[in-house]
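Report on the structure given below.
Just so you know, all these numbers are worked out from the coordinates, no wet-lab data involved. All values reported here derive from a predicted model rather than from experimental measurement. Here Cβ is always computed from backbone atoms with ideal geometry, including for glycine, and neighbour counts include all displayed protein chains.
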Amino acid sequence: MTRFFRALVAGMAAVAVCAAVSPVPAQTTSLPARGAPAGMRSIDDAGGGRILIGGLGSVGSGQTFRAGLHRISGYFSQTLRLASVVRSTDGRITMAAFDARLSGVPVGGVALTSYGSGASQVAVVFDVSQRLPRTLAGLFTHLQNLPPQAAPQRGASPQHSSGGASLQAQIAAVPTVQRTSNDGTVSINLPADWQIKQFAEGSIVADGPDGAEVVEGLSFPMVDPRGPAGMGIRVPYDSDPASSYETVIRALAQMSGHPAAQFVSVHEKPVAALPGFNGAEVTGTSRLQGKLLRFDEFVDVGPQGPAGGWQVAVNGVVAPDDRFETDEPAMAALFNSYRLDNGRRQAQVQANIAAGWAASRAGIAHMNAVTAADQATVDASMRNARAVQDGIDRSTAGFVRYLNDSDVVQNASGAHVNVDASTAQALTTFDPQHFRSVPVTQYVKGVDY
């Protein structure tokens, strides 16, 4: 193992120990005996705990961890609950602390996968939860000294074996062309007669010549209609992967102007998922546009956000039911070759988030500017209205004085006095230095009107 891998192991060991139950009773339940999953070895460590290890074969870097979890699904009597996930910067190593049950006994440990061209590996180290803090270091030491494991004959993609020659041999014989998305986030080996429909932002959708389809890295936004308005498929929140998958497929058919898909059979097998997500392998058949299709999908349903939105991630294969086994090698060749450049994808996500925030700030600034301009216009209109009204009030006051034969006179101290017209004329005529007649335009508001 590499130095980085050893450091990552040590770090994840600390996480797992912190997550484990600290008190260790005098007598701890032993691990129940159980045969290893197909294609894996089971090794009981002398110091306590167990190791499961096996090869994954030609699995794309973006699917290694999922393929590893799929390999051990069914071994534990309870779906793994992942407490934390750590991935190396190049995406080749992924580790996750977990807890589960083995024949009813609480266990905890670490699941890890390492990607290598044609030589990907999966390993699980675990023990009874209460004993894990004192046995985990020894389990990792034991794991580091084990030789690499050969992959089993079967591929790691969702599949239904058709018998005959091994699927691995059939996959290897499929002629493919390596393709990389324009944004550099995804690369795949595309079968020669397949067409790409979507190939960017970590996702790929490709179609075969007879209606087969491979989907990887695709996520569908959902929004609860009972919450605030938002972009996405509007349905009440549903954490079940199988029913969520049916909802997505029906919605896509409707948006494409096709009749709703009719699901003939649906089977759901829970698989480990990221913290907060519900994961399952969903298989079965459906009828769409008169065609009977068989599907094998990994579906992950995310938690609902505070605004009512969530994500449904889908990775898997679909083909006409009578062509599924024929198309399986090509579908598996494409599915297993999926490679995600985590560094590019994360940088892309960060750039999208930054662009979103910048657009939001620009939008807010524009709204503020428009609001300020609108307010300035309103203020100017109000000032003009007040000035017009003030002029009307002044003129009215002057006209009323004219009717009443009175006038406003200002004395030497600047005070305004309302007097009859004859008195005003006498004062301003005989003592113009101390008295003057005030014109309507100089009336003082609140004094003269």
(message) Within the stretch 292-317, list the residues whose amide N lies under 19 Å from a label point set 7 Å along Cα→Cβ of Ala260.
(response) 292-293
(request) Enter the angle in degrees (range 0 to 90, nearest 10) between the Cα long axis of helix 342-404 and the first principal axis of the Cα atoms of the chain, meaning the one along which they spread out most. (result) 10
(request) Which order do the peptides 218-224, 97-103 take when ranked by the mean count of other beta-carbon atoms within 10 Å per residue, highest first? (result) 97-103, 218-224
(message) Over the chain, with a Gaussian network built from C-alpha contacts below 10 Å, which listed residue (Arg71, Arg294, Arg34) shows the highest mean-square fluctuation?
(response) Arg34
(message) So if each residue of separation counts as 0.36 nm, and I subtract the Cα-Cα distance between Ser219 and Val417, what length gain in nm does that give?
(response) 63.0 nm
(request) Calculate the dipole size of the chain relative to its Cα centre from +1 charges on Lys and Arg beta carbons and -1 charges on Asp and Glu beta carbons; express the result in debye to the nearest 20. (result) 1440
(message) Nothing charged except the Cβ atoms of Lys and Arg (+1) and of Asp and Glu (-1): what's the magnitude of the dipole of the stretch 176-340 about its Cα centre? Round to the nearest 20 debye.
(response) 400
(request) Please work out which option in [x] 39; [y] 49; [z] 29 gives percent of Cα pairs over 35 Å apart calculated from these coordinates, and answer with its label. (result) [y]
(request) Consider a paramagnetic label point 7 Å from the Cα of Arg344 along Cα→Cβ; state which residues of the stretch 78-114 have an amide N under 17 Å from it. (result) 89-92
(request) Extending each Cα 7 Å along its Cβ direction at Ala369 and Thr180, get the distance between those two points in nm, one decimal. (result) 4.0
(request) Go through Thr326, Ala33, Thr89 and say which Cα lies farthest out towards the positive end of the charge dipole of the chain; charges sit on Cβ, +1 for Lys and Arg, -1 for Asp and Glu. (result) Ala33
(message) Compute the angle between helix 241-255 and the longest alpha-carbon principal axis of the chain, please, reported from 0 to 90 degrees and rounded to the nearest 10.
(response) 60
(request) Note down the Stokes-Einstein diffusion coefficient of the stretch 379-442 in µm²/s, whole number, using a Kirkwood radius over alpha carbon pairs, 4 °C, and 1.567 mPa s. (result) 100
(request) Could you run the Debye sum over the Cα atoms of the stretch 165-246, one equal point scatterer each and no solvent, and tell me log10 of I(q)/I(0) at q = 0.26 Å⁻¹, two decimals? (result) -1.20
(request) Work from the charge dipole of the stretch 379-442 (Cβ charges, +1 for Lys and Arg, -1 for Asp and Glu, about the Cα centre) and give the residue of Ala380, Ser437, Gly414 farthest towards its positive end. (result) Ala380
(message) Rounded to the nearest 20 debye, what is the charge dipole size of the stretch 33-102 about its Cα centre when +1 sits on each Lys and Arg Cβ and -1 on each Asp and Glu Cβ?
(response) 160
(message) Along the charge dipole of the stretch 176-340, pointing to its positive end and built from +1/-1 on Cβ of Lys, Arg, Asp and Glu, which listed residue (Ala307, Val186, Tyr338) has its Cα farthest out?
(response) Ala307
(message) With angles folded into 0 to 90 degrees, how steeply does helix 3-19 sit against the dominant principal axis of the chain? Use alpha carbons for both and round to 10.
(response) 70
(message) Quick check on packing: order 208-214, 169-175 by the mean number of other C-beta atoms within 10 Å, highest mean leading.
(response) 208-214, 169-175
